[in-house]
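Heads up: the structure comes next, in C-alpha cells.
The values are calculated or read from the model by the stated rules, or taken from the named source; none is laboratory data. Computed from a prediction, not measured in an experiment: that's the story for all the values here. As a convention, Cβ positions derive from the backbone with ideal geometry for all residues, glycine included, and neighbour counts pool all protein chains shown. Only protein heavy atoms, including side chains, enter the accessible area calculation; ligands, DNA and RNA are left aside. Shrake-Rupley method; radii C 1.70, N 1.55, O 1.52, S 1.80 Å.
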Amino acid sequence: MQVKRNGDISFWYADLGHIPAPRPPLPGDIEADVAIVGAGYTGLWTAYYLKKARPSLRIVLLEREFAGFGASGRNGGWLSGGFGWSREKYLKTSTRQGVTAMQKAMAGCVDEVIRVATEEGIDADIRRVDNLTVATNPAQLERVREECETIRAWDADPERIELLDAEATRARINIRNVMGGFVIHGQARVQPAKLVRGLAAAVERLGVSIYEKTTVTSIAKGLVTTDRGTVRAETIIRATEGFTAGIPGEERTWLALNSAQIVTEPLSEELWRRIGWEGHELLGNAAHAYCYAQRTREGRITMGGRGVPYRYGSRTDVNGQTQQATIDQLHTILTTLLPQTAGCRIDHAWCGVLGVPRDWCTTVGLDPATRIGWAGGYVGLGVSSSNLSGRTLTDLVLGQNTELTRLPWVNRKVRPWEPEPFRWLGVHSMYQLYRIADQREAAGLARASKLAALADAITGH
C-alpha cells in the first residue's frame, strides 16, 4: 500500500497545517525553582498545575525539539482514563483499596482534561465517546469476557463496563466476523497535537518559560546541563517518557517501544453508512498484537499498532518516518476488520516511541534527597495518565501529603532493563510469539494460545 506522506512528525500536525516553528533556545546559564526536562504532556501538565498552585514559582521547561514533538503529538488520541497495567503488581506493594483508588483517579483524568481544555480555550476536537474492544474469533472472545469481568471487579463504577454480543457489537461498528466485545463508557477522543500545543500556550500564559531546540546532556542534583547552558534549580523533573534512554545514566530505565499509525483519506457518507461507527467509539481489538483506532473529526480512520516494535539500543525514529512493511501491516489490519475500506487511499503514516518500564507498570515520584522527580512509562496510556502525573508531581514538589501522593504508583522502584542485545531479543521474541499466537487463534484455536503466555513471561509483560 502506497502512502502519500510518511513521517513529518505525524498526521496531527498536517491536520494543523504546519509543523510548529520552535521557540527560542535556552539563552545561557539561568536559575529557576523548578526545571522540567521534556515539553510533552507530562512536563506541560506538571508546569500547569505547579504554576496554578504557586504562581510565584520560577519554572522552566527544556525541550530538545518543540513542545509536543514526541508521543504527545503522535499518539492515537485516546483520552481513555484507562488502567492498562497489572493490578496484581501494584498490589504487591499496596492494598486493594489503594489500587482501586488509583484506577478511579486515572478514570477521573477524562473529566479533568476536558475541564482544563474548556477553561483554557483549547480546541482539541474533544468528543466524549465509548471505548469498544472487539473479538473476531473464539479465543479473543474468551479474553474479552475475562477482561470485562476483571475491570468490573476492580472498577469503582462497574456499570461503566458493558459486555456486548455479536449483534450489539456489529450495530456499533460493522466489523467483519465480529463475535462480541465490550465497551467502557466515559472516555473521549482528542486531536493530540491540538491538545499539546494548546496546553503549551496555556502554560506560557501563566508565566512558564519554554526553551526549545535545547538538548539536555545531563541531570544531577540541582543542575541540568544542556548544549545551550545550565539551569540551576532546587527541583528537577524528568518528563522524557520514550526518550528517557537518551539521557546519560538512564539507558536502561525505560525501553523505547515503537508504535505506528496510518490514516485514511476522508470517507464518503455512503461508506460511513456501510461501516456504521456513528458513536465515534475508540476502537481496539482483543488480539495479542492489538490495534487502536479512532474516527477523526473530518471523517478519516486512524489505525495504529506496533509494527517494528523496538529499535536496537532504544533508538528512536527520524521525524516519525516508518517502514513500508509497517504501513502494509497496518493496512492489512484495517481492511481485515473493515473490508469496506479496501479501496480507500492512505494519506499519511507515522510512528513514535513510548516508555516501557521493566514490569510494564507506570510510575511517578520524587527523590527527597536529590529533589529529582520523574513520571512516565505509560505503556501507551499517556494521554490521560500524564494529567494525573502532573497533579501528583505538583503535590510531591510542594511537599503535600494528599490522596494522590499516597497512590501505589508513587515512588515505586522498578529494576532496569537488561543490556543489549537481550532487550532487543526479548522484545522482538515477544512480538513474534504474539503474531504466531494471533495467527493460530485466527485459524480456529478455541482458547488463548500458550505462546502468548510465553511471550509475556520473557519480558515481564
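Would you list the strands (runs of 3 or more DSSP E) that sit entirely within segment 212-264 and hold 2 or more residues that are surrounded by 24 or more Cβ atoms within 10 Å (Cβ to Cβ) and under 24 Å from the mean Cα position of the chain (by Cα)?
Strands (runs of 3 or more DSSP E) meeting the threshold: 229-238, 255-264.
Which of the residues spanning segment 298-322 are over 27 Å from L141 (Cα atoms) and in contact with a strand residue (DSSP E or B) (Cβ under 8 Å, 6 or more places away or on another chain)?
Keep residues of segment 298-322 that are over 27 Å from L141 (Cα atoms), which gives 298-300, 310-322.
Once the filter is applied, which keeps residues that are over 27 Å from L141 (Cα atoms) and in contact with a strand residue (DSSP E or B) (Cβ under 8 Å, 6 or more places away or on another chain), segment 298-322 yields R300, Y310, R311, S314, R315, T316, D317, G320, Q321, T322.
Only one of (1) modelled with pLDDT under 95; (2) in contact with a Cys (Cβ under 6 Å, 6 or more places away or on another chain) fails for I151. Which number is that?
The number of the failed condition is (2).
Conditions (1) open to solvent by 40 Å² or more (accessible area, probe 1.4 Å); (2) touching a helix residue (DSSP H, G or I) at 6+ places or on another chain (Cβ under 8 Å); (3) among the acidic types (D, E), marked per residue:
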residue: F69; (1), (2), (3): no, no, no
residue: S72; (1), (2), (3): no, yes, no
residue: N75; (1), (2), (3): no, yes, no
residue: W78; (1), (2), (3): yes, yes, no
residue: G82; (1), (2), (3): no, yes, no
residue: S86; (1), (2), (3): no, no, no
residue: L91; (1), (2), (3): yes, yes, no
residue: G98; (1), (2), (3): no, yes, no
residue: M102; (1), (2), (3): no, yes, no
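Do any strands (runs of 3 or more DSSP E) lying entirely in segment 1-88 carry at least 3 residues that are within 24 Å of S259 (Cβ to Cβ) and not β-branched (V, I, T), and which ones are they?
Passing ranges, in order: 3-6.
Could you identify the single residue in G299, G242 that is on the phi > 0 side of the Ramachandran plot and not acidic (D, E)?
The conditions single out G299.
Does at least one position in segment 289-305 carry a residue that is modelled with pLDDT under 95 and of a type in the set (G, A, S)?
yes
Might you check whether a residue that is crowded, with 16+ Cβ neighbours inside 10 Å and either part of a strand (DSSP E or B) or modelled with pLDDT under 95 (or both) occurs anywhere in segment 198-209?
Checked against the condition, which is being crowded, with 16+ Cβ neighbours inside 10 Å and either part of a strand (DSSP E or B) or modelled with pLDDT under 95 (or both), segment 198-209 yields at least one hit.
Based on what the data block shows, is S94 in contact with a Lys or Arg (Cβ under 7 Å, 6 or more places away or on another chain) and of a type in the set (S, T, N, Q)?
Numbers: in contact with a Lys or Arg (Cβ under 7 Å, 6 or more places away or on another chain): no; of a type in the set (S, T, N, Q): yes.
So S94 does not fit the description; no.
On the given criteria, is A375 touching a Gly at 6+ places or on another chain (Cβ under 9 Å), small (G, A, S) and open to solvent by less than 20 Å² (accessible area, probe 1.4 Å)?
Yes.
Which residues, counting only those in segment 269-295, are closer than 18 Å to T335 by Cβ and either among the polar types (S, T, N, Q) or under 22 Å from the mean Cα position of the chain (by Cα) (or both)?
Scanning segment 269-295 gives L283, G284, N285, A287, A289, Y290, C291, Y292, A293, Q294, R295.
Just to be sure before I move on: is T363 over 30 Å from V414 (Cα atoms) and open to solvent by less than 30 Å² (accessible area, probe 1.4 Å) in the structure I sent?
no
Just checking, how many residues over segment 406-461 are among the charged types (D, E, K, R), part of a loop (DSSP other than H, G, I, E, B) and open to solvent by 60 Å² or more (accessible area, probe 1.4 Å)?
Summing the residues that are among the charged types (D, E, K, R), part of a loop (DSSP other than H, G, I, E, B) and open to solvent by 60 Å² or more (accessible area, probe 1.4 Å) in segment 406-461 gives 4.
Anything in segment 290-312 that is open to solvent by 10 Å² or more (accessible area, probe 1.4 Å) and among the hydroxyl-bearing types (S, T, Y)? List them, or say none.
Y290, Y292, Y312
Does any residue in segment 155-168 that is free of Cβ contacts under 8 Å to residues at least 40 places away in the same chain come within less than 6 Å, Cβ to Cβ, of a residue that is of a type in the set (V, I, T) six or more places away or on a different chain, and which pairs are these?
Hits for this filter: I161/I151; I161/I184; E162/V183; A166/V178.
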